[in-house]
Amino acid sequence: MQQDRLRTALVGCGAFANAALLPAMRMADIEIVAVCDPDAARAEATMRAAGASACYADMSAMLAAETVDAVVMAVGPTIYPTLAVQAFSHGVHVFVEKPPAITLAEGESMALAARKAGRQLVVGFMKRFATGYRMAKDISETADFGAVQMVSARITSGVWTPAWSKTLTPFSFVLDHSVHFLDLMRFFGGPVDWVSAVKTQASDERFGFAVLLGYASGAAGLLEISNYESRGVPNERVQITGSKGASVTVENVTRVTYTRDAEPMVPGRAFSPERERLIWEPNMTNISGENASLVHMGYVGEMRNLAAGLVAGSPVTPSIEDGIAALALAHAVVESDGRRINLQNAGEFRHVAVH
């Protein structure tokens with residue numbers, strides 16, 4: 001009989017795991033068999049919330065005692081490289097939150113360990129599964145849209161220090177929340193050949209980058225990332241422009257505007273249902289689990305994608321290769337200082353750590 005639920009263990013029982021991953025896993029119909037955290041109180045509380053049967057302080061001890069298909073980790077990129085290799089030695093698949101590592105060398109070692117173990121290593125770029133970005137991707141792949149020519153994005157995240165970093169630096173800022181948008185630039189535009197970035201810095205803790213990207217397809221990308229504006233205000237915008245007069249814009253995940261090649265204003269101009277601008281927003285008055293913020297933000301979608309792929313034995317993306325590509329972009333953005341960096345020469349960042 002074919003397995004229909006993914007049996008998992010959750011590693012890391014902090015606030016993020018409990019607020020985002022645990023409820024998303026429940027909505028994905030994933031069975032959480034056990035949880036692991038060195039803090040006994042947190043582990044026990046998460047075990048009860050997850051409906052798991054056991055909690056552990058040590059991951060290897062947990063995997064030796066429990067039968068699971070995969071581990072879902074939310075402990076930070078300084079620890080993932082070590083824990084992922086340990087998990088593979090127990091024959092399980094691994095999901096890690098973004099970013100998967102600090103250096104390219106660490107990411108490549110993780111990928112090699114996954115291949116040797118014959119297991120998958122999936123990275124949590126949940127924005128690929130956000131409602132608005134999923135719709136935009138579908139639109140951008142239609143014949144009427146044409147080939148993607150431009151991808152422009154803007155994100156500002158407010159001042160905060162990543163949990164895995166002791167200090168807030170331009171590099172830790174780019175590699176933490178902003179790495180989601182480095183992944184989205186690849187998600188919509190494809191492989192990136194080169195990057196040129198300019199940093200602006202107002203103080204020790206406020207900075208941003210203006211980034212130009214050249215795609216292998218010949219398309220171009222523009223990305224603005226900063227922490228200048230408050231995290232308490234709407235702060236995301238992505239626009240994809242095609243070769244046939246169309247574009248699609250996503251504002252703050254839940255507003256999608258599809259602009260088609262409409263007629264200019266002339267006397268007697270009629271409304272054309274087939275060429276006018278279309279706007280989608282969720283109907284938040286509808287009582288539905290699919291209107292939950294975790295669905296629209298993409299956490300539920302990434303967990304459903306993980307479960308469906310691993311249960312079916314299919315390749316799951318975003319993979320560690322996607323994580324490595326985002327790492328390369330992050331290092332290039334910080335190191336560029338206005339110069340053009342060819343990502344085929346990303347080996348110069350292979351062992352570079354936090355700047």
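The values are calculated or read from the model by the stated rules, or taken from the named source; none is laboratory data. Please read these numbers as outputs of a predicted model, since none were measured by experiment. No Cβ is skipped: glycine too gets one built from the backbone with ideal geometry, and neighbour counts run over all protein chains shown. For the accessible areas, the whole protein counts, side chains as well, though only heavy atoms, and no ligand, DNA or RNA atoms are used. Shrake-Rupley method; radii C 1.70, N 1.55, O 1.52, S 1.80 Å.
Can you tell me which residue among Gly12, Gly51 is closer than 19 Å to Gly124 by Cβ and either surrounded by fewer than 21 Cβ atoms within 10 Å (Cβ to Cβ) or touching a strand residue (DSSP E or B) at 6+ places or on another chain (Cβ under 7 Å) (or both)? If you could, list the steps in order and put the result at the bottom.
On the way: Gly51 fails: closer than 19 Å to Gly124 by Cβ.
Gly12 is the lone residue from the list that is closer than 19 Å to Gly124 by Cβ and either surrounded by fewer than 21 Cβ atoms within 10 Å (Cβ to Cβ) or touching a strand residue (DSSP E or B) at 6+ places or on another chain (Cβ under 7 Å) (or both).
Return the residue satisfying two criteria in turn: it lies in the stretch 173-202 and is of a type in the set (S, T, N, Q) and surrounded by fewer than 22 Cβ atoms within 10 Å (Cβ to Cβ), and of such residues it is nearest to Gln239 (Cα to Cα).
Applying the filter and picking the extreme gives Ser196.
Any residue that is within 30 Å of His93 (Cβ to Cβ) and among the β-branched types (Val, Ile, Thr) - is there at least one of those in the stretch 265-288?
No, that holds for no residue.
Identify the single condition in (1) of a type outside the set (A, V, I, L, M, F, W, C); (2) more than 30 Å from Asn345 (Cβ to Cβ); (3) open to solvent by 60 Å² or more (accessible area, probe 1.4 Å); (4) under 23 Å from the mean Cα position of the chain (by Cα) that Glu263 does not satisfy, given that it satisfies every other one.
The failed condition is (4).
Which ranges mark the strands (runs of 3 or more DSSP E) fully within the stretch 223-291 that have 3 or more residues being of a type in the set (Gly, Ala, Ser) and within 23 Å of Phe207 (Cα to Cα)?
Qualifying strands (runs of 3 or more DSSP E): none found.
Being hydroxyl-bearing (Ser, Thr, Tyr), touching a Gly at 6+ places or on another chain (Cβ under 8 Å) and modelled with pLDDT of 95 or more narrows it down to one of Ser217, Ser230, Ser203, so name that one.
Ser217
Anything in the stretch 99-112 that is in contact with a Leu (Cβ under 9 Å, 6 or more places away or on another chain) and either hydroxyl-bearing (Ser, Thr, Tyr) or assigned to a helix (DSSP H, G or I) (or both)? List them, or say none.
Thr103, Leu104, Glu106, Gly107, Met110, Ala111
Just checking, does the stretch 124-131 include any residue being open to solvent by 10 Å² or more (accessible area, probe 1.4 Å), within 26 Å of Gly208 (Cα to Cα), touching a Lys or Arg at 6+ places or on another chain (Cβ under 8 Å) and of a type in the set (Lys, Arg)?
Yes, there is a match, as at least one residue in the stretch 124-131 is open to solvent by 10 Å² or more (accessible area, probe 1.4 Å), within 26 Å of Gly208 (Cα to Cα), touching a Lys or Arg at 6+ places or on another chain (Cβ under 8 Å) and of a type in the set (Lys, Arg).
Right, Val96: under 27 Å from Asp29 (Cβ atoms), open to solvent by less than 30 Å² (accessible area, probe 1.4 Å) and assigned to a strand (DSSP E or B) or not?
yes
Pairs needed: first member in the stretch 34-57, part of a strand (DSSP E or B); second member anywhere, aromatic (Phe, Trp, Tyr); C-beta distance under 7 Å; at least 6 residues apart or different chains.
Every condition considered, the pairs that remain are Ala34/Tyr56; Cys36/Tyr56.
Residue by residue through the stretch 15-48, note down the ones that are acidic (Asp, Glu) and open to solvent by less than 70 Å² (accessible area, probe 1.4 Å).
Glu31, Asp37, Asp39
Considering only residues of the stretch 203-256 that are under 22 Å from the mean Cα position of the chain (by Cα) and among the charged types (D, E, K, R), which is surrounded by the fewest Cβ atoms within 10 Å (Cβ to Cβ)?
Arg231
I'm told Val334 meets every condition in (1) modelled with pLDDT of 95 or more; (2) more than 24 Å from Leu121 (Cα to Cα); (3) not in a helix (DSSP H, G or I); (4) not aromatic (Phe, Trp, Tyr) except one. Can you identify the failing condition by its number?
(3)
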